[in-house]
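A.B. asks: Take a look at the following structure, please.
The values are calculated or read from the model by the stated rules, or taken from the named source; none is laboratory data. A quick note: this is a predicted structure, and the numbers were derived from the prediction, not measured. So basically every Cβ, Gly included, is an ideal-geometry build from the backbone, and we count neighbours across all protein chains shown.
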Amino acid sequence: MTDERLKAELLSWFNQQMDLSSAQVDIVDGFVFMLKKIGSQSNLRIVGSSTLHPRFWKAHYRAFGYRLRTKADQHAAKQMHEFYIRVALTDGFISFEEKKVSVTAKGIEYLSQQKEQQLEQILTHIW
């Protein structure tokens, strides 16, 4: 699978999950949720060197009402995890050190931005 297809599949999945009657932008709100949760919890479990424990993501699914019924949904959710972590690491929003993850000063600055600016920054990793 090419990188472009991965991105298209992930965007398609986000569109399917999104409530069009809501002002919520799942890709931004989910990313912000991840950063805030990492920032508020000092003892998050890590699997391997840079993977958040599956329980972390289950809370994310509940918060956003994602129902992962099919293997395709589960695959898309895994792509979402990888995308969020890759963006956060690439932009320096989080750091993994000695089995701990924390939000950096850049991450805190990102959280203070307007939603439109947050979306633009995430979209630079898609387009």
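A.B. asks: Suppose we filter the stretch 42-57 for residues that are modelled with pLDDT under 80, among the hydroxyl-bearing types (Ser, Thr, Tyr) and either touching a helix residue (DSSP H, G or I) at 6+ places or on another chain (Cβ under 9 Å) or closer than 12 Å to Glu98 by Cα (or both); how many remain?
C.D. replies: Residues meeting the conditions: 2.
A.B. asks: Exactly one of these conditions fails for Ile122: (1) under 11 Å from Val28 (Cβ atoms); (2) surrounded by fewer than 14 Cβ atoms within 10 Å (Cβ to Cβ). Give me its number.
C.D. replies: In the conditions (1) under 11 Å from Val28 (Cβ atoms); (2) surrounded by fewer than 14 Cβ atoms within 10 Å (Cβ to Cβ), Ile122 misses (2) alone.
A.B. asks: Where residues in the stretch 101-127 are in contact with a strand residue (DSSP E or B) (Cβ under 7 Å, 6 or more places away or on another chain) and not β-branched (Val, Ile, Thr), which of them is modelled with the highest pLDDT?
C.D. replies: That would be Gly107.
A.B. asks: Separate question: For the stretch 9-21, state whether one or more residues are at pLDDT below 65, farther than 19 Å from Ile126 by Cα, assigned to a loop (DSSP other than H, G, I, E, B) and not acidic (Asp, Glu).
C.D. replies: Yes, the stretch 9-21 has at least one match.
A.B. asks: Also, I was wondering about something else. Pick from Arg69, Arg45, Arg62: which is surrounded by 12 or more Cβ atoms within 10 Å (Cβ to Cβ), farther than 13 Å from Phe31 by Cα and among the basic types (Lys, Arg)?
C.D. replies: Step by step, each of Arg69, Arg45, Arg62 is checked, and only Arg45 is surrounded by 12 or more Cβ atoms within 10 Å (Cβ to Cβ), farther than 13 Å from Phe31 by Cα and among the basic types (Lys, Arg).
A.B. asks: Restrict the check to the stretch 82-94 and report whether at least one residue is of a type in the set (S, T, N, Q) and surrounded by 16 or more Cβ atoms within 10 Å (Cβ to Cβ).
C.D. replies: For the stretch 82-94, residues of a type in the set (S, T, N, Q) and surrounded by 16 or more Cβ atoms within 10 Å (Cβ to Cβ): absent.
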